[in-house]
Amino acid sequence: MADVLDQELMEKIRMVSPGTRLRKALDDIMQAQTGALIVFIDEEDIKNKPGIFQIGFKIDCPFTPEKLYELSKMDGAIIIDESVSRIIAANVHVIPDSSIPTNETGTRHRTAERIAKQLGIMALAVSKRRNVVTLYYKDKKYVFENINFVLTKVGQTINALERFREEFDKNLLTLDKLEVEGNVPLDFVCETLMRGIEIKVISNNISVNIIELGNEGRLSSLRLREVLKDLNEILTLMIMDYSKRDLSEEEAKNVLESITKLEHRLLHIAKALGYDLNNQQQVSETFVNPRGYRVLRREIHIPINISQNLVKSFHSLSNIVKTDANNLQKVDGVGRKRAKAIIKTLRQMKRGRD
């Protein structure tokens, strides 16, 4: 339920981001330092909430940034429909339930938070003194920061993420070598997983900032997309390779989700993979042999269902490396051409790492 609400909040933030008509009006209001309270609710819903909205002037006209800016000069709230297509009323006295808790101090902000919580709708409070827009939606609150500050923060974070991704990719090249040799230290597996998961977590933390940037964040969005390219698939396949128990793709995704929420330490990741270990030294001393899902999918482009057939037949990547094309062709889904491709790629990987 929390994830659904977060997605809804993201959509509301997107509605207020630079490049939208609503944001243009808000920028004009902040520049004029007039302040505003804007409530987003459809007219029919207003009729169903008698006593909460006392309308000063019924407007009922198409929304434009210029009209919203001019109406903000009046006292009271402005009511706009949820699709931000019509301005319904202005000079509205909003009377939410005063028993709803709020930590806000200003009248606009207290009213905005309470009405958002009471009716489950979006409300915006534009501070006259501080020139800040605060969004309230249901029980969530989001404060829009200075656009230049957000741009700088996002840019610096993506610079760091790009460096982290380079190191992660280097770890994967090392992992290729260790895997075809058939002897992989568990701590290196956990370290590589941890690096990839940290990229995911940091990326999630700035994704809302990129949405907040709107059309100003297009370049940042493209750069972040490149950082995250194939990351989820690689981490999922690694978990399928190194989990103590042979997992389906869906089960591996669930393990990945659970690891993301853990404290990022090698021992915790090892335990999440199913290894009954007690300390860091035991993780370092443990060697594991991958099933081969990642190499089969990423290097040889074998579909996951056929990879599962190969793993079921050979149990590990090292056994696949040692076999020949004739034995591979006995596996369901592996014909002559695919068997040769597997042998050729694995031999090239061995030679390339020797």
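The values are calculated or read from the model by the stated rules, or taken from the named source; none is laboratory data. All values derive from a computational prediction rather than experimental measurement. We place every Cβ from the backbone using ideal geometry, glycine too, and count neighbours over all the protein chains shown. All accessible areas refer to the heavy atoms of the entire protein, side chains included, with ligands and DNA or RNA removed. Shrake-Rupley method; radii C 1.70, N 1.55, O 1.52, S 1.80 Å.
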Taking placed amide H atoms and a strict 5 Å upper bound, the residues 5 or more places from residue 89 or on another chain that come that close are 59, 60, 79
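At 1.4 Å probe radius, can you tell me the per residue accessible area of segment 45-198 in Å²?
Numbers: 7450 Å² over 154 residues.
On a per-residue basis, 48 Å².
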Just to be sure I understand the model, the point goes 7 Å from the Cα along the line to the Cβ. What's the resulting residue 31 to residue 43 distance in nm? 3.1 nm
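Is segment 10-54 rounded, prolate or oblate when judged by the Cα gyration tensor, a ≥ b ≥ c being the square roots of its eigenvalues, rounded requiring a/c under 1.5 and prolate requiring a/b larger than b/c?
Oblate is the answer for segment 10-54, as a/c is 1.5 or above yet b/c matches or exceeds a/b.
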Given a Förster radius of 25 Å and the C-beta distance between residue 162 and residue 208 as r, what FRET efficiency does 1/(1 + (r/R0)^6) yield to the nearest 0.05? 0.80
With labels modelled as points extended 7 Å from the Cα through the Cβ direction, what inter-label distance (nm, one decimal) is found for residue 344 paired with residue 329? 1.6 nm
Of 259, 289, 221, which is farthest towards the positive pole of the chain's charge dipole, taken about the Cα centre with +1 and -1 on the beta-carbons of Lys, Arg and Asp, Glu respectively? 289
Quick one: 3J(HN,Hα) in Hz for segment 168-183, Karplus 6.51/-1.76/1.60 with θ = phi - 60°, rounded, Gly and Pro as x. 4, 5, 5, 4, 5, 5, 5, 5, 3, 4, 5, 5, 5, 7, x, 9
State the Cα centre-to-centre distance between segment 179-240 and segment 29-68 in whole Å. 42 Å
Let me have the relative contact order for segment 124-176, percent, based on Cα pairs under 8 Å that are six or more residues apart. 17 percent
Determine, from the Cβ-Cβ distance of residue 301 and residue 215 and an R0 of 25 Å, the FRET efficiency 1/(1 + (r/R0)^6), rounded to the nearest 0.05. 0.10
Which shape class, rounded, prolate or oblate, goes with segment 1-88 when its Cα gyration tensor gives a ≥ b ≥ c as root eigenvalues, a/c under 1.5 marks rounded, and past that a/b bigger than b/c marks prolate? oblate
Which log10 I(q)/I(0) values does segment 35-193 give at q = 0.10, 0.15, 0.19 Å⁻¹ under the Debye formula, counting every alpha carbon as one identical point scatterer? -0.53, -0.80, -1.15
With an 8 Å Cα cut-off and a minimum separation of 6 or more residues, compute the relative contact order for segment 46-188 in percent. 13 percent
What's the lysine pair count for segment 61-186 at a Cα cut-off below 20 Å, pairs eight or more apart or interchain? 6
Run the helix sum for the chain: -39,500 (n - 2.57) per DSSP H stretch of 4+ residues, divided by residue count, reported at 222 nm to the nearest 500 deg cm²/dmol. -17500 deg cm²/dmol
Partners for residue 337 among aspartates and glutamates (Cα-Cα distance below 16 Å; same-chain residues under 8 apart left out): 299, 324
Candidate values (i) 50; (ii) 54; (iii) 61, label of the one derived for percent of Cα pairs over 26 Å apart: (iii)
Can you tell me how segment 203-258 classifies by the Cα gyration tensor, rounded, prolate or oblate, using a/c under 1.5 as the rounded cut? prolate
With the full set of protein chains in place, find how many percent of the accessible area of the chain is carbon and sulfur; take the probe as 1.4 Å. 46 percent
Counting heavy atoms of the protein chains only and a 1.4 Å probe, report the per residue accessible area for segment 212-308 as a whole number of Å². 51 Å²
Expressed in nm to one decimal, what extension gain is obtained for the pair residue 54 and residue 148 from 0.36 nm per residue of sequence separation less their Cα-Cα distance? 30.0 nm
The FRET efficiency for residue 282 and residue 233, from their Cβ-Cβ distance with R0 = 35 Å and rounded to 0.05, is 0.75
